[in-house]
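What follows is a single structure, written as structure tokens, with notes after it.
The values are calculated or read from the model by the stated rules, or taken from the named source; none is laboratory data. Small disclaimer: the values here were computed from a predicted structure and weren't measured. Don't worry about glycine lacking a Cβ; one is built from the backbone with ideal geometry, like all the others, and counts go over all protein chains shown. To get the accessible areas, we keep the full protein, side chains included, count just its heavy atoms, and leave off ligands, DNA and RNA. Shrake-Rupley method; radii C 1.70, N 1.55, O 1.52, S 1.80 Å.
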Amino acid sequence: MKVSIRHTINLGDFLNVFPVLSGLSKYKNEKLDILVRGEMKRFNGFKEFVEYQDCINSVAFDDEYIIFNYDGIELSSITREHKENNQRPTETCRYENWANDNYRMLFEVDDSFELQVPDLNIPIKEGSYVGDRWSGAMIDGRRASGTLTHLANVNFLEYNNTLLENAYIIKHSSKPFISAFTGTAVMADLLNVDQIVLWTDDLKNWDNKPIEKSFEKHFYGNRKSKLMYLGDYENNSI
């Protein structure tokens, strides 16, 4: 089954589709071949990371693919926000709604989906790992980057690492993962690890909604991610 996901170049928004992709794969009883934007290559090891997941057969980039009449389905999260499951991230529900509204497929979203990582035998440092918002090319400039750089006695994820390497580190750290609102936070949620997602004052009413709505947009309500104000985290860490 071929699936095009070409409406986003953001890692977190893309990762929210995985419970839907896994559900579709089980519904069709086959692995999926997906087509994504060429800009996704800016995330080191994106293709290898996605292809390592059980529901995926192959990844192609649209800047390397001659597209005339695409013979697969399209998925997008630019649609209605109705939730069949209040614990499910809003963004994931949008992908679900798009599939149901456009293709009438009676599949079940795989809410038990967890990202898989190989045994990479990477040394894990003592102390918490932090996933700050990166400052790479083509990021959404409405939000600040580097808001957690002042935190002490922590280990910052290196975004020069591949996605599989960072996923391995997040999965095998003995401490809760500390993150900003960024793609690695959604990765940690889908790895189902303990996580503290920190928000700053510039996000208090993102999209004119309370910060809790931003959290519900990208994170499962019944997994291990918790929302916390940065100032409260700093006070508790002293």
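Structure above, values below:
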| item | result |
| --- | --- |
| Pair list, Cβ under 7 Å, 6 or more apart: the stretch 112-133 residue touching a residue at least 60 places away in the same chain (Cβ under 8 Å), other residue surrounded by 13 or more Cβ atoms within 10 Å (Cβ to Cβ) and small (Gly, Ala, Ser) | Phe113/Ser22; Leu115/Ala167; Val117/Ala167 |
| Residues that are crowded, with 16+ Cβ neighbours inside 10 Å, of a type in the set (D, E, K, R) and more than 16 Å from the chain's Cα centre (by Cα), drawn from the stretch 40-82 | Asp62, Glu74 |
| Which listed residue, of Asp232, Asp202, Asp207, Asp194, is at pLDDT 95 or above and either basic (Lys, Arg) or surrounded by fewer than 19 Cβ atoms within 10 Å (Cβ to Cβ) (or both) | Asp194 |
| Test: residue in the stretch 16-31 that is over 30 Å from Asp119 (Cβ atoms), touching a residue at least 60 places away in the same chain (Cβ under 8 Å) and charged (D, E, K, R) | no |
| Selection within the stretch 103-120 - over 16 Å from Val17 (Cα atoms) and either touching a Phe, Trp or Tyr at 6+ places or on another chain (Cβ under 9 Å) or surrounded by 14 or more Cβ atoms within 10 Å (Cβ to Cβ) (or both) | Leu106, Val117, Pro118, Asp119, Leu120 |
| Enumeration of residues in the stretch 83-102 that are modelled with pLDDT of 95 or more and open to solvent by 70 Å² or more (accessible area, probe 1.4 Å) | Asn86, Gln87, Asn102 |
| Test result for Asn208, free of Cβ contacts under 8 Å to residues at least 24 places away in the same chain and over 17 Å from the mean Cα position of the chain (by Cα) | yes |
